[in-house]
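Since every read-out is calculated from the coordinates, none of them should be taken as a lab result. This structure is a prediction, so every number in the text was calculated from the model and none was measured. So basically every Cβ, Gly included, is an ideal-geometry build from the backbone, and we count neighbours across all protein chains shown.
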Amino acid sequence: MMNMMRDAQYAGSWYPKDPDVLRLLVTESIEASKKRETYQKGPYRFAVLPHAGLFYSSAGIAPFFTSGLEGIEKILIISPSHYTNLPENLLVSAPLAGCRTPLGTVESFNLANTQSQWFSAIQSEHALEMVLPYIAAQNSSVKVSLAMISHFSDAEAIDNVARSLLDELGQGELEAGRTAIIASSDFTHYGPRFGYTPYGNRAGGMVKEDDLSLAHLLVEGRVAEAFAFCASKHSTVCGYAAALLVASIAQRMHCNGWVADYYTSLDVSSSNDANFVAYSTILWR
């Protein structure tokens, strides 16, 4: 299989294309994260980070990078697939040589099951791209791998994929912090635009309660309960499968996690829109 380059498809639309403007956005968001009450010094091994355009998601992505990437050699980013239907319980990836960003190219490493048939899906997926400028901005030699998973059939399937991934990445590499895993996921999408309006005018408080309940289940490694929670709520958390997978591995590694941030698109835009998306940042060390 020929390794291909992934282009920065969303530069200039979902985030700045100008390198100086983008670097300033990255730097300022990281510095702001260090001043939050929820800040805990890293390094971090696992994370759930948002993936909206950086106008919305930079505040949620930045906490992972507050301690830099020293000691980390590889980062696996796992997202849902927004544009390509994937079979349930299947983690897919494509053979990549690297990922281009306005701040330089990030080299790649490939998973064992990589297949070129998934390259177009990997190229078009915004949920994989938003974190890449943050990695490139570190001027490090970290290599990345990009993968997608959209749905699980049951808790046993989560356990099976987590076990397989842990074996491939190497428990020793994860324990030493040389390999890190990021799940790319926004939380509840609420409003008529998303076909999800179970709480009517009480949406804000009820959605936050739901999202933080799910976030704490993930933090505590209660993966089967988190899966059942998403199913019972008909959840619109788009990257729930990736988040469940990372939480399962973090629990196996006996990592300590916490909810580092929670906010919605309305908090950022100060809009009265009936539609909004929630974002939660979860970190494990």
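Annotations for the structure displayed:
- Least to most buried among Ser248, Ser153, Ser67 (fewest other Cβ within 10 Å first): Ser153, Ser67, Ser248
- Relative contact order of the chain, pairs being alpha-carbon contacts under 8 Å that are 6 or more residues apart, as %: 26
- Amide H contacts under 5 Å for His151, placed H, 5+ residues apart: Asn89, Leu90
- Kirkwood-Stokes translational diffusion coefficient of segment 60-212, alpha-carbon pairs, 37 °C, 0.692 mPa s, µm²/s: 192
- With helices as the sole contributors, the chain gives -10500 deg cm²/dmol at 222 nm; each DSSP H run of n ≥ 4 counts as -39500 (n - 2.57), and the sum is divided by every residue.
- Charges were assigned to the Cβ only: +1 to each Lys and Arg, -1 to each Asp and Glu. The resulting dipole of segment 4-284 about its Cα centre is roughly 260 debye.
- For Ala8, residues with placed amide H under 5 Å, excluding near neighbours: Arg100
- Exposure proxy ranking for Arg6, Arg193, based on other Cβ atoms within 10 angstrom of each Cβ and starting from the fewest, stands as Arg193, Arg6.
- Antiparallel %, DSSP beta bridges [both residues in the chain], to 5: 50
- At 1.567 mPa s and 4 °C, Stokes diffusion of segment 47-119 via Kirkwood alpha-carbon radius, µm² per second: 89
- Per-selection metrics, segment 95-159 (Cα): Rg and Dmax in Å: 13.5, 40
- On the basis of the beta-carbon distance and an R0 of 41 Å, Asn160 and Met206 show a calculated FRET efficiency of 0.75.
- Note on Lys233: aspartates and glutamates with a C-alpha under 17 Å away, same-chain residues under 8 apart excluded, are Asp154, Asp186, Glu209, Asp210, Asp211, Glu225.
- Computed over the chain, Kirkwood Rh from alpha-carbon pairs, angstrom: 18.7
- Compactness index (Cα Rg / 2.2 N^0.38 Å), segment 149-285: 1.10
- Taken over the Cα atoms of segment 1-90, the convex hull encloses 161 Å³ per residue.
- Equivalent ellipsoid semi-axes - Cα gyration tensor, segment 174-215, angstrom: 32, 12, 5
- Residue exposure proxy: Trp284, Trp258, ordered by other Cβ atoms within 10 angstrom of their Cβ from fewest to most, comes out as Trp258, Trp284.
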